Amino acid sequence: MANPPPLKPPPWTRHAGIGVNYAAAVAGFGLAGWWVDSRWDSAPWGVLVGAALGLTGATYNLVRESMAAFDSSRGERKSPRGDDHDQNAKS
């Protein structure tokens, strides 16, 4: 008996958790900064640096995932300019 092929999830599910990941990165780094502040009495610098690192990393991840989604959507549909345009731009 042959196994059925695995079901491919819809494309939107890949990006459904980006907002949660963004909030978790900011909150996680903010909490780490809060811990640093409470341990070494450096308030508010630990929280500020932690939140800045969280925002930077989360934004980087958001842009990276968005670019991957854009690239994959271009692969599924033909560009209105055609594939020749990219070849000419590289020359």
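Every number in this text was worked out from the coordinates using simple rules, so none of it is lab data. Just so we're clear, the structure is a prediction, and the values are computed from it rather than from any experiment. Positions of Cβ are backbone-derived with ideal geometry, glycine not excepted, and every protein chain shown enters the neighbour counts.
Taking a point 7 angstrom from the Cα of Thr56 along the C-beta vector, which residues in the stretch 5-27 have backbone N less than 19 Å away? What the label zone holds, given the 19 Å backbone N cut-off, is 22-27. Each residue of the stretch 41-53 is assigned a 3J(HN,Hα), and the resulting list reads 6, 10, 4, x, 5, x, 5, 5, 5, x, 5, 5, 5 Hz, derived from the Karplus form 6.51 cos²θ - 1.76 cosθ + 1.60 (θ = phi - 60°), x at Gly and Pro.
Label-to-label distance for Trp40 and Thr13 is 4.4 nm, based on points extended 7 Å past Cα in the beta-carbon direction. Phi angles across the stretch 24-38 convert, under the Karplus curve 6.51 cos²θ - 1.76 cosθ + 1.60 with θ = phi - 60°, into 3J(HN,Hα) values of 5, 5, 5, 5, x, 5, x, 5, 5, x, 4, 4, 4, 4, 6 Hz, Gly and Pro given as x. Ordering of 23-36, 58-71, 4-17, 40-53 by packing is 23-36, 40-53, 58-71, 4-17, highest average first (other Cβ atoms within 10 Å, averaged per residue).
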